[in-house]
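Colleague: Sharing a structure below in structure tokens format, with a few things to ask.
The values are calculated or read from the model by the stated rules, or taken from the named source; none is laboratory data. Please read all numbers here as calculations on a predicted model, not as lab measurements. Note: ideal-geometry Cβ built from the backbone for every residue, glycine included; neighbour counts use all protein chains shown. Quick note on the areas: whole protein, heavy atoms, side chains included, nothing else; ligands and nucleic acids left out. Shrake-Rupley method; radii C 1.70, N 1.55, O 1.52, S 1.80 Å.
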Amino acid sequence: MARFQLPASLRETRNYVDGEFIATGRTFDNICPVDGSVLAQVHEADQAVVDRAIAAARRAVQGKWGALSMGRRADYLHQVAHVIERRFDEFLAAEVADTGRPLSQARQLDVYRGIHNLRTFADLGRYAHSEFYETQLADGSNLINYVKRKPLGVVASISPWNLPLLSLTWKAAPALICGNGVVCKPSEETPSSATLLAEAFAEVGVPAGAFNVIHGFGAGSAGALLAAHPGIDAMTFTGESSTGAAIMKTVAEGVKEVSFELGGKNAAVVFDDADFDAAVDGVLRSSFTNAGQVCLCSERVYVQAPIFECFVAALKAKTQALKVGWPDEPEVFMGSLISRSHRDKVLSYFELAKREGATVVCGGEVPRFGDARDQGAFVLPTIWTGLSDGARTVTEEIFGPVCHIAPFDTEEEVIARVNNSAYGLASSIWTSNLARAHRVAPRLDVGIVWINTWFSRDLRTPFGGTKLSGIGREGGQFSLDFYSSISNICIRI
Ligand code: NAD
């Protein structure tokens, strides 16, 4: 028997539409990337299923779900969160089996954050305020104006495989609290936690059609059918920049609202006044967490010249000590990549780095285990030095456990080098000089800058990227704004 198993209800992973679990004629394999075993058969949504999901979502907005108060919708989202807490271990098993990531990371990054997303947006909606103005006109008469949030309608949400439950709930929770009907298309690589979430929605009796899950691939499948559907009112997408561009062209036809969280080529900057050990540990985490498959991971590391050699040596030692292996073993820091095909992409960059003249400080190969893991999608965490800023390995998003470390001399120089990127998602700065941190952070052309930390999130703050990293901001009030149709009501007194 394979080591990783899904909860029994998912062996046939079905679509969740209008409050029912639906099988279709066509299925595809859900493959565990740890050992290549087949976890489940997933039912691919066709045009009829997509049509049905969008029609159900529309009925929910115009009917029961849209008519509920924010407070009642918040109660439902809290109940869903409660079901996830109760079934925590099943969600954990699903995320680990689908992604190959260590239990400890799946616990924090996925299941905990899934619960937190639902609870936070439920409360943000429940306690949201609105703008109100008293206005005096030239003739002395008075007006009052207030801002009313209404549902946008049917929100299509397409999400990636790297943080399945986190990404999906980050979009679905605010969309739902605002009264929308939501049609979610999780990645074909990670259909399981979305389907468990649908079970939670069914269990607590959220009105049918408010939350729907359809399965399938992107181009030529459920993703493209959803994006092209005239019945959606908004598209919220997380994934690669090139996919975002393709979806944007499709939805432009119907002038739909878009929110895009896309790729990154993030930089970590280590000044010579940084707490050295904290910076090494921080960059270790920011480069190799989830095998580098977090959009916020740092694939470019700039270290001030006086500490460059020591830093490379220290990061190398800690990287080589990271345990790579079975994700359910407690000391393991890195499991597999998401799939063999993604591994092929990462391996192609290992080759390219060598051709571009990199020094391979460590890693750069596939580990051999002599057991079922050799059928999986593992690579070793990898550090390079010696590449120019223009090398493809240093400019293109690889989305694997890799970083290139380069020395720098001055603040001005490093700011220019960080900003010399087609992407602009996140950066982290390691320094003990507070004035320097305040000087440098606002000059980095990215959506979020962390100082002496990485991937620390308060869900009330804005999140998103510049340039190829996305369009719009979500988080807190920004999410409520995006998922609402905002109107002004003006009354003459
Ligand atoms: P991807 O773009 O390949 O796929 C994302 C989703 O889009 C999947 O559900 C896929 O089926 C669907 N899709 C693909 N082509 C489509 C099409 N033509 N029409 C409609 N849907 C389509 O991305 P991925 O490989 O799943 O995820 C990794 C990428 O996501 C990385 O680039 C990463 O940086 C990015 N990401 C960004 C953020 C962020 O917040 N900025 C967060 C997580 C991941």
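Colleague: Quick one: would you say SER241 is near the ligand (Cβ under 10 Å from one of its atoms), open to solvent by less than 40 Å² (accessible area, probe 1.4 Å), at pLDDT 95 or above and among the polar types (S, T, N, Q)?
Modeller: So SER241 passes the test.
Colleague: Answer with yes or no whether HIS129 is at pLDDT below 95 and open to solvent by 40 Å² or more (accessible area, probe 1.4 Å).
Modeller: When the stated conditions are applied, HIS129 passes them.
Colleague: OK, next. Could you say whether any residue in the stretch 34-49 is out of contact with any Phe, Trp or Tyr (no Cβ under 6 Å at 6 or more places or on another chain), open to solvent by 20 Å² or more (accessible area, probe 1.4 Å) and assigned to a helix (DSSP H, G or I)?
Modeller: Yes - at least one qualifying residue is present in the stretch 34-49.
Colleague: Let me ask something else. Pairs only if they're at least six apart or on different chains, beta carbon under 9 angstrom, first in the stretch 232-247 and over 20 Å from ALA53 (Cβ atoms), second more than 10 Å from the ligand (Cβ to nearest atom) and open to solvent by less than 50 Å² (accessible area, probe 1.4 Å); list them, first residue then second.
Modeller: GLY244/VAL258
Colleague: How about the stretch 228-238: which of its residues are surrounded by fewer than 24 Cβ atoms within 10 Å (Cβ to Cβ) and not in a loop (DSSP other than H, G, I, E, B)?
Modeller: Across the stretch 228-238, the qualifying residues are ALA228, ALA234, MET235.
Colleague: For the stretch 138-227, which fully contained strands (runs of 3 or more DSSP E) count at least 1 residues that are within 16 Å of the ligand (Cβ to nearest atom), in contact (Cβ under 8 Å) with a residue 60 or more places away in the chain and open to solvent by less than 20 Å² (accessible area, probe 1.4 Å)?
Modeller: Hits in the stretch 138-227: 154-158, 181-185, 211-213.
Colleague: Just one of (1) charged (D, E, K, R); (2) out of contact with any Leu (no Cβ under 9 Å at 6 or more places or on another chain); (3) more than 10 Å from the ligand (Cβ to nearest atom) trips up GLU257, so point out which.
Modeller: With respect to (1) charged (D, E, K, R); (2) out of contact with any Leu (no Cβ under 9 Å at 6 or more places or on another chain); (3) more than 10 Å from the ligand (Cβ to nearest atom), GLU257 is out only on (2).
Colleague: Continuing with the same structure: Return the only residue of ILE415, ILE398 being at pLDDT 95 or above, assigned by the TED database to the domain that holds CYS297 and crowded, with 22+ Cβ neighbours inside 10 Å.
Modeller: Numbers: ILE415 fails: crowded, with 22+ Cβ neighbours inside 10 Å.
None of the others qualify; the one that does is ILE398.
Colleague: For residues that are among the small types (Gly, Ala, Ser), crowded, with 19+ Cβ neighbours inside 10 Å and closer than 27 Å to ALA208 by Cβ, tally how many sit in the stretch 58-115.
Modeller: So the answer is 6.
Here is a yes/no grid of residues against (1) assigned by the TED database to the domain that holds GLY71; (2) under 30 Å from HIS342 (Cβ atoms); (3) at pLDDT 95 or above; (4) among the β-branched types (Val, Ile, Thr):
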{"residue": "ALA122", "(1), (2), (3), (4)": "yes, no, yes, no"}
{"residue": "GLU134", "(1), (2), (3), (4)": "yes, no, yes, no"}
{"residue": "ALA198", "(1), (2), (3), (4)": "yes, yes, yes, no"}
{"residue": "PRO207", "(1), (2), (3), (4)": "yes, no, yes, no"}
{"residue": "VAL213", "(1), (2), (3), (4)": "yes, yes, yes, yes"}
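Colleague: Condition first: in a helix (DSSP H, G or I), under 23 Å from the mean Cα position of the chain (by Cα) and of a type outside the set (S, T, N, Q). Can you find one or more residues in the stretch 54-70 that meet it?
Modeller: No: zero hits.
Colleague: Something else: Consider only pairs whose beta carbons are under 7 Å apart and that are at least six residues apart or on different chains; among these, list those whose first residue lies in the stretch 449-478 and is over 24 Å from GLY125 (Cα atoms) and in contact (Cβ under 8 Å) with a residue 40 or more places away in the chain and whose second residue is part of a helix (DSSP H, G or I) and open to solvent by 60 Å² or more (accessible area, probe 1.4 Å).
Modeller: Every condition considered, the pairs that remain are TRP454/ARG285.
Colleague: Let me ask something else about it. For the stretch 304-319, does any single residue satisfy the condition of being outside any loop (DSSP other than H, G, I, E, B) and under 27 Å from ASN30 (Cβ atoms)? Can you show your working first?
Modeller: Within the stretch 304-319, the subset outside any loop (DSSP other than H, G, I, E, B) is 304-319.
Next cut, under 27 Å from ASN30 (Cβ atoms) only: none.
Within the stretch 304-319, not a single residue is outside any loop (DSSP other than H, G, I, E, B) and under 27 Å from ASN30 (Cβ atoms).
Colleague: Shifting gears a bit: Could you give every pair whose Cβ atoms fall below 9 Å, whose first residue belongs to the stretch 328-351 and is outside the structural domain of THR99 (by the TED database), and whose second residue is open to solvent by 30 Å² or more (accessible area, probe 1.4 Å) and among the hydroxyl-bearing types (Ser, Thr, Tyr), counting only separations of at least 6 or pairs across chains?
Modeller: PRO330/SER104; VAL332/SER104; PHE333/SER104
Colleague: Filter the stretch 272-306 down to the residues that are open to solvent by 30 Å² or more (accessible area, probe 1.4 Å) and free of Cβ contacts under 8 Å to residues at least 60 places away in the same chain, then identify the one that is farthest from the ligand (Cβ to nearest atom).
Modeller: Only one residue fits best here, namely PRO306.
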